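For reference, the structure discussed in these notes is given below.
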Amino acid sequence: MPKTNRKQRSLTEIQAILADYDSSSLTQKQFCASRSVPASTFHVWLAKRRQKNKRLLPAIIPVGPVPPLAPPIELELPDGKIIRLERGFDRNDLANVLAVLHPC
């Protein structure tokens, strides 16, 4: 059987070549020609990478229930002023506002 001139590349070399392709603006054909990589070999590398990436992603991404939007909390002060607080407000901020409005 005749000896071929195929170049064996390591996984690290293949990944570097694919990364270079991803950051290039060349078509696959142009990139393969610039790197002396047979287009058929390059397509196999891309297909293997796609398969590997598919296995890394879950088929279904679990999403929890979305809580309903709660109305703001309203505090009506004796002088008629109303303070509206959105859910998740900072209690220290509320204490500071009340201290300014009604100093002890």
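Values in this text are rule-based calculations from the coordinates and carry no lab data. Bear in mind that the values here come from a model prediction, so they are computed numbers and not experimental data. With ideal geometry, Cβ positions are generated from the backbone for all residues, glycine too; neighbour counts draw on all protein chains shown.
Quick notes
- Residue exposure proxy: I61, I17, I73, ordered by other Cβ atoms within 10 angstrom of their Cβ from fewest to most, comes out as I61, I73, I17.
- Net lengthening on full extension, R87/K7 (0.36 nm per residue, minus Cα-Cα): 22.5 nm
- A Cβ-based charge dipole, computed about the Cα centre of the chain with Lys and Arg at +1 and Asp and Glu at -1, lands at about 1560 debye.
- Taking label points 7 Å from Cα along the Cα-to-Cβ direction, L18 and N53 give a separation of 0.8 nm.
- Hydrodynamic radius (Kirkwood) for region 11-56, which is based on Cα pairs only, to one decimal in Å: 10.9 Å
- Dipole magnitude for region 11-56: computed about the Cα centre from +1 point charges on Lys and Arg Cβ and -1 point charges on Asp and Glu Cβ, it is near 320 debye.
- A straight Cα-to-Cα reach below 24 Å connects K7 with the lysines K29, K48, K52, residues fewer than 8 places away in its own chain not being considered.
- Cleavage-rule hits, chymotrypsin sites (Phe, Trp or Tyr not before Pro), region 10-77, DSSP coil, Cβ neighbours within 10 Å at most 14: none
- Over region 49-104: Rg over Rh, Cα atoms, Kirkwood Rh: 1.45
- Note on Rg/Rh (Cα atoms, Kirkwood Rh): of the candidates (1) 1.14; (2) 1.53; (3) 1.09, the value calculated from this structure sits at (2).
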